[in-house]
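Computed from the coordinates by the stated procedures, all read-outs in this text should not be read as laboratory data. These numbers were taken from a predicted model, which means no experiment stands behind them. Cβ coordinates were reconstructed from backbone atoms using ideal geometry, including for glycine residues, and neighbour counts include every protein chain displayed.
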Amino acid sequence: MTGSASKATEMAARIAGVQTLYANEHAAEITEEMMANGITMMEWYLSEMLRVSDSGRPNEELNAAEELRLWVVKKWTEEFINKRTMMKRGPGHLRDGNTLKTCVNKLVEHGWLVRGTGEQVISGYNCKTFWRVVRPRVGA
């Protein structure tokens, strides 16, 4: 899309020029109204190009969060989990701090993890930052 976006100004001017000549084949210059129309049409074209090109691309953050969710639901049997446990035992490629934080935030946002309050013992450690695992209802 970058190539098209960089030429958007020129394309808007061309569209305005064609519209101007269509409206008046003897026009000597492009009017402000026709230029505004050309810009509007180019903005629509760019937004459509972006929409169509992005629609088939999977969201990597959501895919990673789903992988973590499946691991937590299937492999972790306890009611609560903390970041340390996910870092040590979770899927290997998600053990990066930033990646894991993004995944946890997505799971919280979608209701699969609920932030706990107080203190909880998880894997032998006292934890103040932990989440309750929300599991799918069986038979639902």
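Once amide H atoms are built 1.01 Å from N in the peptide plane, which residues 5 or more positions from residue 127, or in another chain, come under 5 Å H to H?
For residue 127, the qualifying residues are 120, 121, 122.
For labels at residue 89 and residue 129 in the simple 7 Å Cα→Cβ model, what's the distance in nm?
1.9
Under 8 Å for C-alpha pairs, at least 6 residues apart: give me the relative contact order for the chain, rounded to a whole percent.
Taking the mean separation of contacting Cα pairs over the length of the chain, I get 19 percent.
If exposed trypsin sites (Lys or Arg not before Pro) are those in a DSSP loop with at most 12 other Cβ within 10 Å, what is the longest stretch of the chain that has none?
Between exposed loop sites, the widest span is 8-127.
Rounded to the nearest 0.05, what FRET efficiency do residue 33 and residue 60 have when you use their Cβ-Cβ distance and R0 = 41 Å?
Plugging the Cβ-Cβ distance into 1/(1 + (r/R0)^6) gives 0.40.
For region 1-48, which GluC sites (Glu not before Pro) are both in a DSSP coil and crowded by at most 10 other Cβ atoms within 10 Å? Walk me through the intermediate numbers first.
Working: sites: 10, 25, 29, 32, 33, 43, 48; in loops: 25, 29.
Answer in residue order: 25, 29.
With point charges of +1 on the Cβ of Lys and Arg and -1 on the Cβ of Asp and Glu, referenced to the Cα centre of region 2-55, which listed residue (9, 36, 52) lies farthest in the positive direction of the dipole?
52
Where a Cα-Cα gap under 26 Å defines reach, which lysines qualify for residue 88, not counting those fewer than 8 residues away within the same chain?
Output for residue 88: 74, 75, 101, 106, 128.
Net charge within 15 Å of residue 13 by Cβ-Cβ distance, Lys/Arg positive one each and Asp/Glu negative one each, not counting residue 13 itself?
Values: positive: 7, 14; negative: 10, 29, 32, 33, 43.
Local charge sum for residue 13: -3.
One quarter of the convex hull surface, Cα atoms only: what value does that give for the chain in nm²?
14.1
How large is the dipole of region 31-140 about the Cα centre if only Lys and Arg carry +1 and Asp and Glu carry -1, each at its Cβ, rounded to the nearest 20 debye?
Working: 17 positive and 14 negative charges, 243 e Å.
Here region 31-140 has a charge dipole of around 1160 debye.
So for 20, 9, fewest C-beta neighbours within 10 Å to most, what's the order?
Ordered from fewest to most neighbouring Cβ atoms within 10 Å, 20, 9 come out as 9, 20.
Could you give me the ³J(HN,Hα) list for region 66-76, computed from phi with Karplus coefficients 6.51, -1.76, 1.60 and θ = phi - 60°, whole Hz, x at Gly and Pro?
So the J values, rounded to whole Hz, are 5, 5, 5, 4, 4, 5, 4, 5, 8, 9, 9.
Please arrange 93, 26 by counting, for each residue, the other beta carbons lying within 10 Å of its beta carbon, fewest first.
Result, fewest neighbours first: 26, 93.
Give the angle, between 0 and 90 degrees and rounded to the nearest 10, that separates the Cα long axis of helix 8-23 from the longest principal axis of the Cα atoms of the chain.
40
Would you kindly derive the ³J(HN,Hα) couplings of region 92-108 from the backbone phi angles with the Karplus curve 6.51 cos²θ - 1.76 cosθ + 1.60 (θ = phi - 60°), listing them in order in whole Hz, with x for Gly and Pro?
x, 6, 9, 7, 5, x, 5, 4, 4, 4, 4, 5, 4, 4, 5, 5, 5
When only alpha-carbon atoms are used, what values of Rg and Dmax, in angstrom, describe region 86-140?
Considering region 86-140 through its Cα atoms, Rg and Dmax are 12.5, 35 Å.
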